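The values are calculated or read from the model by the stated rules, or taken from the named source; none is laboratory data. Computed from a predicted model, the values in this text were never measured in an experiment. Using ideal geometry, Cβ is built from the backbone for each residue, glycine included, and neighbour counts are taken over all protein chains shown.
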C-alpha cells in the first residue's frame, strides 16, 4: 500500500496564507474528498499535493509499499490530474493531443478511437478541442486523467459542466479505474462526495 503524506503544508501569496498548516495522509485504494468553502484553497492544495505547485513550507512525499520515500521532485511521474486551471492546446484535436501525451505517460487504452468511445465522444476525432462544448471537454479531460497508468489521481470539481447522464458516466469511469490508486477529489458538489470513502478539510491537521 502506498501513502501520500503532507506534513505542515503552508502556501503564501504576498502576505496572505492561502493554506496554513495542512497535514494529512492519503492511502492506496481510497477515494478521499477534499472539502472547504469557496476561497479556502482547495484548488491550490490540489496543485501542491500533485506537485504542480510548490508549497511555501512543509513536507510532501509519496511512500511506496516498502516504506521508501519518493520525493516531491519525482511525484509528477505518478500523477494524473483534471482541473479547470490545466491548460491544453485547444487548437489540437483529440488524436493529436493523445498521441503527444502518450510520449510521456502510459494509458490503459491503446488509441484515440478507444479513448473517445469511453468518453462518449465517438465521431469527434478530428474536431479541435476549442470546438468542444464544456461538457464534452470535461469528459475528455476526465477520461485522460482516469485512464492514465499512474498511482495518484487528482480531480478538481470533476462533475462541473456534467449533466445527470454524464455524472453517472463519470461514476462508472471512476469506479473501474481507481483500483491501486490514491484518488483525491476537491469539490463543493454534494454529488462528488457520494463517491468518496472519507473527507478531509483544506484547513485540517494530521489524520492517519
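A few remarks follow.
- Summed over the range 38-54, the residues that are more than 10 Å from residue 154 (Cβ to Cβ) and in a loop (DSSP other than H, G, I, E, B) give a count of 6.
- Evaluation of residue 172 against (1) under 23 Å from residue 34 (Cβ atoms); (2) in contact with a helix residue (DSSP H, G or I) (Cβ under 9 Å, 6 or more places away or on another chain); (3) at pLDDT 95 or above (one fails), failing number: (2)
- If the condition is being more than 17 Å from the chain's Cα centre (by Cα), under 20 Å from residue 84 (Cβ atoms) and surrounded by fewer than 19 Cβ atoms within 10 Å (Cβ to Cβ), then the range 98-134 contributes 128, 130, 131, 133, 134.
- Scanning the range 66-119 for residues that are part of a strand (DSSP E or B) and touching a residue at least 40 places away in the same chain (Cβ under 8 Å) gives 79, 80, 81, 82, 107.
- Filter result (assigned to a loop (DSSP other than H, G, I, E, B) and in contact with a strand residue (DSSP E or B) (Cβ under 6 Å, 6 or more places away or on another chain)) within the range 179-192: 181
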